[in-house]
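Note sheet for the following structure.
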Amino acid sequence: MVALRLCPIATIHDHTGTLPPPAAAAMAEEMGSCRDRLIDQSLTARYSGWILEALDELPDNFLITDPVISGHPIVFASRGFLAMSGYAWEEVVGRNGRIFQGPATDWRSVMEIREAIREERTLQIRLLNYRNDGTPHWILFHLCPVFAMEDGRVIHFVAVQVPILRRSRCSRSGAREMIFGACRNEVRLDEDCGCNLAVDSFLDMDNKGLDAEESCKASDREKEKALNAANSVLSTMTHYSKLTGRVVCTKRRGSAGIAPLSSSLNISLGRIKQSFVLTNPHLPDMPIVYASDEFLSLTGYSRHEVLGCNCRFLNGPGTDAGVLQQIKDCIRAEQACSARLLNHRKDGSSFGNLLHISPVRDASGKFAFYVEVQMDENLKRDEHGLSPKMRQLGVVGQVKVAMRTLSSRAGP
Amino acid sequence: MLTIKRVPTVLSNYQEDATESRGCGRNCLGKCCLPVSKLPLYAFKSDSKPPVSPSDAIEDPPVDFFLNSLLLGQWEDRMNRGLFRYDVTACETKVIPGEQGFIAQLNEGRHLKKRPTEFRVDRVLQPFDPAKFNFTKVGQEEVLFRFEAGGGQKSLFFDSASVDEANPPSVVAINVSPIEYGHVLLIPHVLDCLPQRIDTESFLLALHMAAEAGSPYFRLGYNSLGAFATINHLHFQAYYLSVPFPVEKAPTRKIPIAKGLADGGVKMSLLMNYPVRGLVYEGGNTLKDLADVVANSCIWLQENNIPFNVLISDSGRRIFLFPQCYAEKQALGEVSQELLDTQVNPAVWEISGHMVLKRRKDYEEASEDYAWRVLAEVSLSEERFQEVKAYIFEATGLVEAEVEDMDADENKATYQSTTASATHFSQGCLVLR
């Protein structure tokens with residue numbers, strides 16, 4: 001136990017110029033709304049405004065997620081899915097798919113899904129999910145990546161969920177009611193009109209005993225259904241992507257230009273909730289190859305405006321040329337450095353940027369990128385009392401860890 | 001007395017001159033300096049239900065704070081200060097192709113410039129020896145922060161905190177020979193000079209650290225003496241690696257428990273289809289429930305002189321316990337020269353599937369079969385393992401239920417027992433007591 005005479009840092013440091021709460025709250029709100037906007041536009045920017053309506057007409061149960069946005073949120077949930085899970089649109093969109101898992105969800109399945117996402121591949125697996133009311137149900141989960149044609153990056157994942165029909169051999173008891181004993185949740189949802197008590201009591205009993213060992217196996221028909229559903233979602237997405245000219249495909253194509261960051265790296269980087277960019281020193285003019293959501297909200301630019309550009313667009317009147325030279329020298333020497341720069345946002349306003357730059361290596365141990373962490377000097381300390389310097393170093397640490405993300409495809 | 005010669009891993013920059021006693025004034029962790037220190041303090045929240053699903057932990061912002069901002073930030077700071085013996089991010093790493101996904105790392109720097117030292121391997125419990133290197137000799141710059149129970153409902157961080165006499169400080173320090181980014185040591189009650197020996201309180205502390213980190217990729221490990229611990233001063237290790245370890249993917253079979261665990265809610269399973277036999281503990285109504293069952297198992301092992309390794313996985317939700325006998329086999333000359341030449345020390349990380357290799361040749365030629373063969377040498381034989389398991393049950397007051405006649409379940413096909421993998425598995429070993 002810690003003695004009570006200690007007081008938490010948040011209070012200790014009140015005099016050091018922490019932002020007054022209203023400003024901090026406004027900032028947090030702004031960050032939140034930036035992410036909301038990214039989620040809103042995730043589909044429409046790529047597949048035109050018509051996509052939502054088109055997807056809405058599909059009868060299947062499916063989700064679409066965006067691995068590029070931090071937290072890998074759900075950006076679309078079909079009507080069928082919402083009916084099956086008992087969630088409302090607002091309760092699902094913006095959240096991560098983990099919310100449907102619960103105490104009896106098999107950790108191995110969760111791990112397999114995690115790996116398939118990291119490795120950007122298709123996966124079909126049975127999974128015990130939970131509805132909004134807390135009841136578990138077995139589904140056949142079918143995941144597939146959607147690639148951008150222009151650079152081969154994964155831009156979305158489609159996750160189809162087909163309820164698995166419970167067959168008699170799955171259960172240990174209750175032979176008589178077996179024909180009704182479906183684990184399809186439609187049975188529960190649709191038979192609300194005076195359905196027979198035997199079915200109800202069976203289902204209740206059934207759910208109580210439902211755990212990882214007692215499970216349904218998907219039939220070939222269900223597997224086919226999942227695959228067909230995925231294909232129809234994918235073909236809808238492919239079709240509508242042609243309207244914007246930013247075409248998607250379901251197979252990775254080799255790209256001629258910049259090697260894209262892998263989706264697993266993107267996901268790992270997306271978890272870092274601070275303003276930073278990655279630049280590639282091996283490409284001409286050291287362009288930005290990754291920009292965090294917080295960088296976009298700090299500077300006011302959108303992602304496609306900054307990717308491929310050198311960071312100098314942040315400079316302008318009042319930016320100290322001597323400091324810029326120091327930074328260049330450090331980069332040439334492959335060293336980390338910290339500096340204060342006057343930078344400009346897209347709207348022309350300026351901010352004091354406490355910049356920290358550090359070289360980072362990839363999994364093969366070679367220098368691959370520079371991470372550049374920006375911090376508005378008005379944000380002195382965060383709510384947990386860490387100094388800006390420590391927070392910046394934390395970002396560098398997290399990026400280094402993300403760089404060591406491995407793929408089983410990385411073997412020789 | 002059984003001993004083996006091996007190159008000791010240097011965990012601290014103060015280890016080299018461990019024998020000469022240096023007068024203080026250099027901010028060490030000893031009784032002279034630590035009580036007047038102003039180290040940062042992370043005071044974790046009081047024991048509560050562990051997060052029930054994998055979903056709960058990750059979305060909580062303070063969780064992100066402990067691991068990402070505090071631990072990794074401080075670690076990066078020490079890296080900038082040049083406190084490590086090498087840059088671990090310059091070490092090549094890869095996943096070995098195959099079913100299991102063993103991870104190999106080429107680490108040529110970890111054992112450089114060290115002469116092999118004699119280690120006694122036939123005693124799991126040895127008294128603390130103040131003359132040998134221990135963590136009270138570590139400089140405070142190697143400490144990232146103190147990690148202690150705060151008692152409140154929320155975790156708190158203090159930038160600098162004084163030491164309270166009633167509460168012995170526990171610290172998180174860097175490992176100067178890291179095997180991955182963020183490799184740290186958790187040293188419970190450092191001033192108490194506890195030998196490498198599990199007790200329930202220290203084990204719970206380690207579990208709390210895994211829970212606070214809240215990431216499935218930040219794991220803690222423990223090596224007993226005789227199972228490749230090099231320093232006889234109580235410590236756990238931890239680091240971050242964002243791939244699943246093979247052992248975490250291995251199938252398990254639940255052990256039906258008739259009596260003993262009813263209230264705590266802890267579940268026990270057997271590890272299946274994995275080269276090292278082990279027990280898996282999970283569940284528990286509180287972290288303490290889980291910690292107590294595992295710690296009591298470890299206590300029985302150490303008191304009965306069986307070396308073991310522990311992996312704390314999945315944010316403290318799953319714990320793997322591996323009784324082992326490699327060092328003893330090595331001392332008795334029963335390990336093949338080919339394996340000895342690789343200098344792989346099968347400690348907790350290797351057993352979990354993260355192989356740190358010292359020679360480029362081994363790294364480049366590493367195959368799943370090779371990793372399996374190395375690890376199979378570590379495992380107890382099936383017969384001995386069953387015996388040990390039975391003792392653990394007895395010691396922790398558990399009674400295994402009669403094996404119920406399960407329906408012919410199609411899943412069982414994957415729950416293949418270790419012994420069945422005859423292609424991989426060479427003969428296990430018997431620990432002589």
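Tabulated data for the structure shown
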| quantity | calculated |
| --- | --- |
| Filter result (under 18 Å from A:V395 (Cα atoms) and either charged (D, E, K, R) or facing chain A (nearest Cβ under 7 Å) (or both)) within segment B:75-99 | B:W75, B:E76, B:D77, B:R78, B:N80, B:R81, B:D87, B:T89 |
| Members of segment A:346-364 that are away from chain B (no Cβ under 14 Å), hydrophobic (A, V, I, L, M, F, W, C) and out of contact with any Pro (no Cβ under 7 Å at 6 or more places or on another chain) | A:F351, A:L355 |
| Residue check, A:R361 modelled with pLDDT under 80, open to solvent by 40 Å² or more (accessible area, probe 1.4 Å) and within 19 Å of A:S268 (Cα to Cα) | no |
| Failed condition for B:T117, given (1) within 26 Å of B:N27 (Cα to Cα); (2) loosely packed, with under 15 Cβ neighbours inside 10 Å | (1) |
| Index of the failed condition, A:V371 passing every other in (1) farther than 20 Å from A:T279 by Cα; (2) in contact (Cβ under 8 Å) with a residue 60 or more places away in the chain; (3) open to solvent by less than 10 Å² (accessible area, probe 1.4 Å) | (1) |
| Subset tally (residues that are in a helix (DSSP H, G or I) and open to solvent by 40 Å² or more (accessible area, probe 1.4 Å)) for segment A:77-96 | 5 |
| Residue under evaluation A:H304, criteria (1) under 20 Å from A:S42 (Cβ atoms); (2) open to solvent by less than 70 Å² (accessible area, probe 1.4 Å), criterion not met | (2) |
| Residue check for A:S387: surrounded by 16 or more Cβ atoms within 10 Å (Cβ to Cβ), within 13 Å of chain B (Cβ to nearest Cβ) and of a type in the set (G, A, S) | no |
| Any hit, segment A:256-272, residues being β-branched (V, I, T), within 14 Å of another protein chain (Cβ to nearest Cβ) and out of contact with any His (no Cβ under 7 Å at 6 or more places or on another chain) | yes |
| Residue satisfying condition, being in contact (Cβ under 8 Å) with a residue 24 or more places away in the chain and within 14 Å of chain B (Cβ to nearest Cβ), within set A:G86, A:G94 | A:G94 |
| In segment A:97-112, residue farthest from the other protein chains (Cβ to nearest Cβ) [restricted to those that are open to solvent by 20 Å² or more (accessible area, probe 1.4 Å) and within 16 Å of A:P73 (Cβ to Cβ)] | A:G97 |
| Filtered residues of segment A:107-136 (kept if more than 20 Å from A:V158 (Cβ to Cβ) and assigned to a strand (DSSP E or B)) | A:L128, A:Y130, A:P136 |
| Of all residues in segment A:113-161 being more than 14 Å from chain B (Cβ to nearest Cβ) and of a type in the set (G, A, S), the one that is surrounded by the fewest Cβ atoms within 10 Å (Cβ to Cβ) | A:G152 |
| Residue ID - modelled with the lowest pLDDT, chosen from residues in segment B:312-344 that are out of contact with any Pro (no Cβ under 9 Å at 6 or more places or on another chain) and under 30 Å from B:S215 (Cα atoms) | B:V344 |
| B:A131 being within 11 Å of another protein chain (Cβ to nearest Cβ), of a type outside the set (D, E) and closer than 24 Å to B:L34 by Cβ | no |
| Total residues in segment B:103-128, condition under 21 Å from the mean Cα position of the chain (by Cα) and either assigned to a strand (DSSP E or B) or facing chain A (nearest Cβ under 10 Å) (or both) | 6 |
| Residue within segment A:313-325 that is within 14 Å of another protein chain (Cβ to nearest Cβ) and surrounded by 14 or more Cβ atoms within 10 Å (Cβ to Cβ) present | no |
| Test: A:S292 is within 14 Å of chain B (Cβ to nearest Cβ) and closer than 23 Å to A:L379 by Cβ | yes |
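The values are calculated or read from the model by the stated rules, or taken from the named source; none is laboratory data. Please read all numbers here as calculations on a predicted model, not as lab measurements. For neighbour counting, all protein chains shown are included, and Cβ atoms are generated from backbone atoms with ideal geometry for every residue, glycine included. Heavy atoms of the whole protein, side chains included, go into the accessibility calculation; ligands, DNA and RNA do not. Shrake-Rupley method; radii C 1.70, N 1.55, O 1.52, S 1.80 Å.
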